[in-house]
Amino acid sequence: MKPGAGRIVVLPYSLPPEPRSRTAWGRHRGRASAPTTPAVTTTPTAVMHTPIENPDAAGAGAHDLRHHGDVEVRGRGRDLTDLAVNVRTGTPPAWLKARIAESLGSLAAYPDGGAARAAVAARHGLPVERVLLTAGAAEAFVLIARALPARRPVVVHPQFTEPEAALRAAGHEVRRVLLRAEDGFRLDPSAVPEDADLVVVGNPTNPTSVLHPAAVVERLARPGRTLVVDEAFMDAVPGEHEALCGRTDVPGLVVLRSLTKTWGLAGLRIGYVLAAPETVRALEEAQPLWPVSSPALAAAEACMEPRALAEAAGAAERIAVDRAHLVAGLREFTEVRVMEPAEGPFVLVRLERAAEVREQLRVLGFAARRGDTFPGLGPEWLRLAVRDRVTTNRFLQAFDQALQALGAPVH
């Protein structure tokens, strides 16, 4: 579709077949070695042909937009090592638990978010009028879908599915821009229809682990358009060098942040929105009274303190090292394609019989995230959370066993 044409081309999306390796399935040998086949990389291409899809016409039920990684772990009758959920292990830390526990004495009073809101604003160098505290980033997506004017919303996929689910639940007809594996799932701003008045993109993107350059994301902004950038995993990127969260010069920019991933607060529900004051007011008016609990507000304030920011920065550096170890181990399997470069606390991989491998991994004690619930991906994809080196080594051995159990030959 030519930019500005304003016409929706409905294209069935499927990944082209890749040539099968003529070698056997690689076998992890407990060390990192050179890959025997190239990983999927983000080498620039001359032209990116990005499909645009109307999910209502293409089949709205083709993907389970409400499926989340925690489902992979629950109700299995045994303890599983969790590689399906991207919450950092060993969290929340003891000092944060103590701060949350201290807040319990104030439960009889209605929550007052003033201090936490000011702390978030100071952390990003913004006035408090540009900050809205929410019950996790998921609530922010619902508020955006209900409170902001949008007649032609577009969601860039593959990405976290809650934004589209919220838009659809609010009665919007959603168009999808489907980034392609052949292009490394890189963002092509020209693929987004010019008439889109609300665009949602993740950075770094869940599940692809692609970190889009801020300058590229910025090209999506224009007067009359709301640009929603989900930065839920940006604090897991060392230096947060492609973040837009502190920018006030990008028209229509709305940045979402979550504290649940890095700090292990998924059960507490705390996140925030950074946007122009008029946008914050519109979203706030759509919130119920006292939307964020006192313990969650205490956690938000604590996570903005210098020692917390330093701890998060250190965790991001460790995640980068642990991710490199995981990727190196996965490269030893000759028929596994790893999306690289990966920049988030998770890795996306492609392999044949992925669903069977996932089930066999569960038998061996590991939960992996299925990829086929993400628009733009199919049943041959899995998402793996980055864990410490010991856990990764155990997983790679189990991965090898899973392949052998399915009859895949090994070296």
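In the set (1) open to solvent by 10 Å² or more (accessible area, probe 1.4 Å); (2) closer than 30 Å to residue 112 by Cα, residue 353 fails one condition alone, (2).
Starting from residues that are at pLDDT 95 or above and part of a loop (DSSP other than H, G, I, E, B), keep the ones in region 380-410 and report whichever is nearest to the chain's Cα centre (by Cα).
Out of the qualifying residues, it is 386.
Considering the conditions (1) modelled with pLDDT under 95; (2) touching a Gly at 6+ places or on another chain (Cβ under 7 Å), residue 377 is excluded by exactly one of them, (1).
Taking the criterion of being on the phi > 0 side of the Ramachandran plot, open to solvent by 40 Å² or more (accessible area, probe 1.4 Å) and not acidic (Asp, Glu), would at least one residue in region 83-92 satisfy it? Taking every residue of region 83-92 in turn, at least one turns out to be on the phi > 0 side of the Ramachandran plot, open to solvent by 40 Å² or more (accessible area, probe 1.4 Å) and not acidic (Asp, Glu). Looking across 182, 173, 164, one residue alone is in contact (Cβ under 8 Å) with a residue 12 or more places away in the chain and in a loop (DSSP other than H, G, I, E, B). It is 173. Taking residues in region 228-250 that are under 13 Å from residue 210 (Cα atoms) and modelled with pLDDT under 95, and partners anywhere that are among the aliphatic types (A, V, I, L, M) and outside any helix (DSSP H, G or I), not one pair has Cβ atoms closer than 6 Å while being at least 6 places apart or on different chains. Evaluated against (1) at pLDDT 95 or above; (2) of a type outside the set (D, E, K, R); (3) open to solvent by less than 30 Å² (accessible area, probe 1.4 Å), residue 334 falls short on exactly one condition, (1).
Note on region 127-156: among residues that are in contact with a helix residue (DSSP H, G or I) (Cβ under 8 Å, 6 or more places away or on another chain) and in a strand (DSSP E or B), the one that is nearest to residue 276 (Cα to Cα) is 131.
Checking each residue in region 192-221 for being open to solvent by 10 Å² or more (accessible area, probe 1.4 Å) and either at positive phi or out of contact with any Gly (no Cβ under 9 Å at 6 or more places or on another chain) (or both) picks out 213, 214, 215, 216, 218, 219. Whether a residue is closer than 25 Å to residue 148 by Cα, in contact with a Gly (Cβ under 6 Å, 6 or more places away or on another chain) and open to solvent by 60 Å² or more (accessible area, probe 1.4 Å) was assessed, and residue 269 passes this test.
The values are calculated or read from the model by the stated rules, or taken from the named source; none is laboratory data. Computed from a predicted structure; not experimentally measured. Every residue, glycine as well, gets a Cβ built from its backbone with ideal geometry; the counts of neighbours run over all protein chains shown. Just the protein is used for accessible areas: all its heavy atoms, side chains included, with ligands, DNA and RNA removed. Shrake-Rupley method; radii C 1.70, N 1.55, O 1.52, S 1.80 Å.
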